[in-house]
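Beneath this line is the structure, given in structure tokens, with notes to follow.
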Amino acid sequence: MSAEPAEGTKVPKICIRNLKVFFGNVQSLNNITLDIMRQEILSIIGPAGSGKTTFLRTLNRLNDLSPSFRSEGQVLLDGEDIYHPSYDPVALRKRVSMVFALPVALPMSIYDNVVYGPTLSGAPKKAKLDELVEKSLKAAFLWDEVKDRLKTSALRLSGGQQQRLCLARVLALEPEVILLDEPCSGLDPISTAKIEEALVALKQDYTIVLVTNNSKQAARISDRVAFFLMGELVECGSAIQIFTVPKDTRTADFVTGRFG
Amino acid sequence: MSQKSETVVYYVLQFIALSAMGSLLLIALFILKEGFPFILEEGPSKFLFSSTWEPAKEHFGIFPMLVGSVWVTFGALVVGGPLGVAGAIYLVEFTPKGLMRIIKPVIELLAGIPSVVYGFMGVAVLAPLIRTYIGGPGLSVLAASLILGIMILPTVMSISMDALNSVPPSYKEGSLALGATRWQTQYMVVLKAAKSGILASIILGMGRAIGETMAVIMVAGNAVKIPNSVLDSVRTLTANIALEMGYATGRHRQALFATGVVLFLVIMMLNSFAMWSLKERRKK
């Protein structure tokens, strides 16, 4: 925030230019232009149906899975357009990884869940994998709870633990950008606090984009906040500015709880 | 008055529902009553593992037929299992919805073709092809396996498809979001999650293959001997009963019922195992 180095000196990681997204004839996003910086947590807030999740899924091309999806404009990752026909979405998803709203532990052991991503492209050495598992689980604040039962099924973990496992799984890929889609929506306050703690620590090494329905959470951990409404980006600014002196009356209405 | 008719309807429906169970029970009892004493009298090991079947000389060993059933069933699984599972994966994951609307009913139609028609195709087309291009008499383990493999396809495919469809889409997304390709996702996550359902489909297909009679009689050749290769003629347990029941009397007739007991037990075991593994899946 204000103590951070001035915004001007930061290099943008992702530049979104005039992005429009359609599903069939329905337009979900209209003319979004936004820069996402390195080493920042950008929170996206807005009422249900405002296009937050669609926006997030556009950043790693997960929307490609629905046949009616169509986009216009550009999404540049380190200056390269990820929607260029020659761009490989599978490689993209290794650099820009996602944690979903509901914890999705894959039906395998805790250990296998974490190494799933890294082993997809060839099998690294066992010792290296062990190290990776420990490092990722520690970074997600889960290691101490599971270190004695790495080989048991991940489906037996609690919801909060599963969500941290999902985070660890993404970290094991060593991505550059982490997308989180309401990662704490189904979690208790203690699990939520642990995830938030992990995210703030991770900011040093990653670019983090967080969709959240919890304005307090956005205020607690983000550097900047973007407010979406009905498929449009209404306002983007530092967390303090958005929550104390919003420029747009619609933002003011939302953050003060008058609607949404 | 209305209270009374309610009660009547209740009991009538209950009777009808229970009669299905009752007929299963009666069939089981009847076969056991006719066949089981014979097995005890002959000695279970002699009956199961002696390889001479000469009813005229009072030799009743069903081992060649047991081996025959195992060969043919195993062959049917080798043909129909991978084909059915791969087909199901293709249909569930890679087929556009429009094409799916055509392909699925066609597969279900496959189940409705009478088995004698399959047998007919085997005799008229498949057996001559095998005789000409591969060798042997044509009517063989290979022919029976191929025909049965096709016959179990609808069973294997439709149950596998249900299993694949019931894998939560979130697993797929989760895997793709970690940079997996579609095939890696299929292979490492979806198949793993649908494992028990797919296993059940194969076991039910196996039950169908063991129990099939008409098509097998027509294409397997029915010689009572242990086959040395897939090109040899073979007789299955079901064929043995169907071929000889018409003229069997006395101990011969009892021996055929005893063959039925063995068949009955094998199929019951397979079905129970399939049901158990389907239940395992639901628990997860």
>> Filter region B:185-225 down to the residues that are touching a Pro at 6+ places or on another chain (Cβ under 8 Å) and within 19 Å of B:P64 (Cβ to Cβ) and list them by number.
In response: B:G221, B:V224, B:K225
> Across region A:121-134, which residue is surrounded by the fewest Cβ atoms within 10 Å (Cβ to Cβ) among those that are at pLDDT 80 or above and in contact with a helix residue (DSSP H, G or I) (Cβ under 8 Å, 6 or more places away or on another chain)?
Replying inline: A:E134
>> Anything in region A:135-153 that is modelled with pLDDT of 85 or more, part of a helix (DSSP H, G or I) and in contact with a helix residue (DSSP H, G or I) (Cβ under 7 Å, 6 or more places away or on another chain)? List them, or say none.
In response: A:S136, A:L137, A:W143, A:E145, A:V146
>> Among the listed residues A:T256, A:T212, A:T207, A:T192, identify the single one that is surrounded by fewer than 21 Cβ atoms within 10 Å (Cβ to Cβ) and either within 30 Å of A:V133 (Cβ to Cβ) or among the aromatic types (F, W, Y) (or both).
In response: A:T192
>> If I ask for residues that are in contact with a Phe, Trp or Tyr (Cβ under 8 Å, 6 or more places away or on another chain), outside any helix (DSSP H, G or I) and surrounded by fewer than 19 Cβ atoms within 10 Å (Cβ to Cβ), which ones from region B:43-55 would you list?
In response: B:S50, B:S51
> Looking at B:V230, is it touching a Pro at 6+ places or on another chain (Cβ under 8 Å), surrounded by fewer than 23 Cβ atoms within 10 Å (Cβ to Cβ), in a loop (DSSP other than H, G, I, E, B) and away from every other protein chain (no Cβ under 14 Å)?
Replying inline: no
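Having 3 or more residues that are free of Cβ contacts under 8 Å to residues at least 40 places away in the same chain and over 22 Å from A:R38 (Cβ atoms) is the bar; report the helices (runs of 4 or more DSSP H) wholly within region A:189-260 that clear it.
A:189-202, A:249-255
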> Which of the residues that make up region A:92-110 are more than 17 Å from the chain's Cα centre (by Cα) and more than 24 Å from A:D188 (Cα to Cα)?
Replying inline: A:M108
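Looking at B:Q14, is it open to solvent by 90 Å² or more (accessible area, probe 1.4 Å), part of a helix (DSSP H, G or I) and polar (S, T, N, Q)? Let's see the steps before the verdict.
Numbers: open to solvent by 90 Å² or more (accessible area, probe 1.4 Å): no; part of a helix (DSSP H, G or I): yes; polar (S, T, N, Q): yes.
Answer is no for this residue.
Quick check on my filter: what residues within region B:56-76 are assigned to a helix (DSSP H, G or I) and open to solvent by 30 Å² or more (accessible area, probe 1.4 Å)?
Answer for region B:56-76, where residues must be assigned to a helix (DSSP H, G or I) and open to solvent by 30 Å² or more (accessible area, probe 1.4 Å): B:A56, B:K57, B:F63, B:L66, B:V70, B:W71, B:F74.
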> What residue, among those in region B:146-204 that are more than 14 Å from every other protein chain (Cβ to nearest Cβ) and among the hydroxyl-bearing types (S, T, Y), is surrounded by the fewest Cβ atoms within 10 Å (Cβ to Cβ)?
Replying inline: B:S158
>> Within region A:72-88, does at least one residue satisfy the condition of being within 14 Å of chain B (Cβ to nearest Cβ) and in a helix (DSSP H, G or I)?
In response: no
>> Among the residues of region A:89-105, are any assigned to a loop (DSSP other than H, G, I, E, B) and touching a strand residue (DSSP E or B) at 6+ places or on another chain (Cβ under 7 Å)?
In response: yes
>> Here is a check on your reading of the model: is B:P82 in a helix (DSSP H, G or I), free of Cβ contacts under 8 Å to residues at least 12 places away in the same chain and not hydrophobic (A, V, I, L, M, F, W, C)?
In response: yes
> Only one residue in A:V115, A:V104, A:V133, A:V99 is touching a Cys at 6+ places or on another chain (Cβ under 6 Å) and either at the interface with chain B (Cβ under 9 Å from one of its Cβ atoms) or of a type outside the set (D, E, K, R) (or both), so which one is that?
Replying inline: A:V99
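Of the residues that make up region B:18-26, is at least one farther than 30 Å from B:A223 by Cβ, open to solvent by less than 50 Å² (accessible area, probe 1.4 Å) and free of Cβ contacts under 8 Å to residues at least 60 places away in the same chain?
Looking through region B:18-26, at least one residue is farther than 30 Å from B:A223 by Cβ, open to solvent by less than 50 Å² (accessible area, probe 1.4 Å) and free of Cβ contacts under 8 Å to residues at least 60 places away in the same chain.
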> Which of the residues that make up region A:61-101 are touching a residue at least 60 places away in the same chain (Cβ under 8 Å) and polar (S, T, N, Q)?
Replying inline: A:S97
>> I'd like the full set of residues that are touching a helix residue (DSSP H, G or I) at 6+ places or on another chain (Cβ under 8 Å) and either outside any helix (DSSP H, G or I) or more than 13 Å from B:A56 (Cα to Cα) (or both), limited to region B:241-260.
In response: B:I241, B:A242, B:L243, B:M245, B:A248, B:Q254, B:L256, B:F257, B:A258, B:T259, B:G260
> In region A:234-253, what residues are open to solvent by 30 Å² or more (accessible area, probe 1.4 Å) and within 17 Å of A:I41 (Cβ to Cβ)?
Replying inline: A:C236, A:S238, A:I240, A:Q241, A:F243
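The values are calculated or read from the model by the stated rules, or taken from the named source; none is laboratory data. Since we're looking at a predicted model, the values are computed, not measured. Every residue, glycine among them, receives a Cβ derived from its backbone with ideal geometry; neighbour counts consider all protein chains shown. Remember, those area values only see protein heavy atoms, side chains included, never the ligands or the DNA or RNA. Shrake-Rupley method; radii C 1.70, N 1.55, O 1.52, S 1.80 Å.
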